[in-house]
Structure formats: C-alpha cells, structure tokens
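Here is the structure we will look at.
Readers should treat all values here as calculations from the given coordinates under stated rules, not as data from a laboratory. What you see is a predicted model, and the numbers here were worked out from it, not measured in a lab. Backbone-built Cβ (ideal geometry, glycine too); neighbour counts: all protein chains shown.
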Amino acid sequence: AFAQALSVPTQEALEMLPQLQKQPVAWQFAFDLLKSNNYNCRFFGAHTLQTKIARDWDSLDEERQEALRNELVRLVAEQCDAPMNVLNKTNQALATYALRTVPESWNNFLPSVIKEIQNSAQVLGKNSKSAAHAVVDFLELFPEELNRATIASAQHARLVEDIKTSLPIVLELLTGVACGLPGSPNISNRPDVVVEL
C-alpha cells in the first residue's frame, strides 16, 4: 500500500518515507521499490538505498556489504533505460557505496564499474547504448559526489589517483560516445519523471 502511495506520490507518503528509511526493513523495501513498474517507485527505491548506505552502513555485516556491490551494479544496469532521474539516483547509490569501500575493499573501481555495468546490461539484454549511457552518467556524477563527501584526505587522494589511472579506459568510452560508435548512448532524448522530495 505504501509503494502505491509513492507511485503518485502523495504528501502523506513523502512525509512517511524518512521514517521508513530509518528502519532495518528499508534495505529490502528499497530493492522491492526498484522492481516496480512505476518509475516514481523506482526513484524512491534508489533514494532509499542511497540513504541507507549513507546512514546505516554499519548495520550491514562485511559479507552483506560486499554483496551489495554486485547488487548495485546490477541495479544500475537494470535502470540504464529508465528515465534519467531514476538512473541518476541509482548511480548516486552506487557512488555512495564506492565512497564507503574504495580503496580499502574495492581497488581499481572505475574500470570495474565500467566493465561490470556493461557486462550486467548485456546479460540483462539491455541495449549497449543505454549501458554506455549509464556508465557516462556515473562518470559525470562520481566526481561531484567525491567533492561533496566528507572523507579522510588520504582516501580522497587514493580516489583521485584511481580516477587518474582510469583515464585511458574512460577516454575510450567517451570517445565512442562522442563519435557515435556502437555502445555509445544518445542522451538527448532521455525522459525524466517528475518526482519531488
């Protein structure tokens, strides 16, 4: 019933969402919302997941934290053809995860993100252009999230170094996008779904 209220979304549901996000059940609720056919529900699912990673990270044991990485990559691949704000919010959840785990438990994360999103999208039967678009969205978003994050200077330096060492792979992808090569997205016709928090 609550998910149905988010599909509109009602003012009451929007007021209840922050309280629900504080509950342990919100981890599963986020994934359930992301499976919805309704894009507003998917947006709120990704938003809830990002919120849980940011605020309740320590409630997950190490094994669950590691498993979450593959789930997030798969979710980005699943949402690669969704409206832009749904994809972007899902990528924000992945970026929040990366800020929690790189470099301690996720080395060479940018090449890994690029490869894993594209591979997951292929397994899911998604268009390669949509998959490339999802990666480009992540590449645009991650530096913004990094600059907003409050992290130790040593971790920040390692993340910047990882970005620098990943430039050849990133430039290859961006060149393909700019030249309209197979696997490159056409980002000019992506719709947005209007969602207000």
Exercise. Can you give the charge dipole size of the range 56-146 about its Cα centre, rounded to the nearest 20 debye, using +1 on the beta carbon of Lys and Arg and -1 on the beta carbon of Asp and Glu?
Worked result: 460
Exercise. Relative contact order for the range 20-174 using alpha-carbon pairs under 8 Å, separation at least 6, rounded to a whole percent?
Worked result: 22
Problem set entry | In the range 73-158, GluC sites (Glu not before Pro) in a DSSP loop with at most 12 other beta-carbon atoms within 10 Å | Glu104
Problem set entry | Leading residue at positive end of dipole, the chain (Cβ point charges), from Leu33, Val76, Gln21 | Val76
Exercise. Looking at Ala149, Val170, Ser105, which one has the Cα that reaches farthest to the positive end of the dipole of the chain (charges on Cβ: Lys, Arg +1; Asp, Glu -1)?
Worked result: Val170
Problem set entry | Given 16 as the ceiling on other Cβ atoms within 10 Å, longest exposed-site-free region of the chain for trypsin sites (Lys or Arg not before Pro) in DSSP loops | 36-197
Exercise. Can you work out ³J(HN,Hα) from phi for every residue in the range 78-94, in order, using Karplus 6.51 cos²θ - 1.76 cosθ + 1.60 and θ = phi - 60°, giving whole Hz and x for Gly and Pro?
Worked result: 5, 8, 4, 10, 7, x, 3, 5, 6, 4, 4, 5, 5, 5, 5, 5, 5
Exercise. In whole Å, what three semi-axes, largest first, describe the equivalent ellipsoid of the chain built from its Cα gyration tensor (square root of 5 times each eigenvalue)?
Worked result: 27, 22, 14
For this session: Treating only the Cβ atoms of Lys and Arg (+1) and Asp and Glu (-1) as charged, compute the dipole magnitude of the chain about its Cα centre; round to the nearest 20 debye.
Result: 280
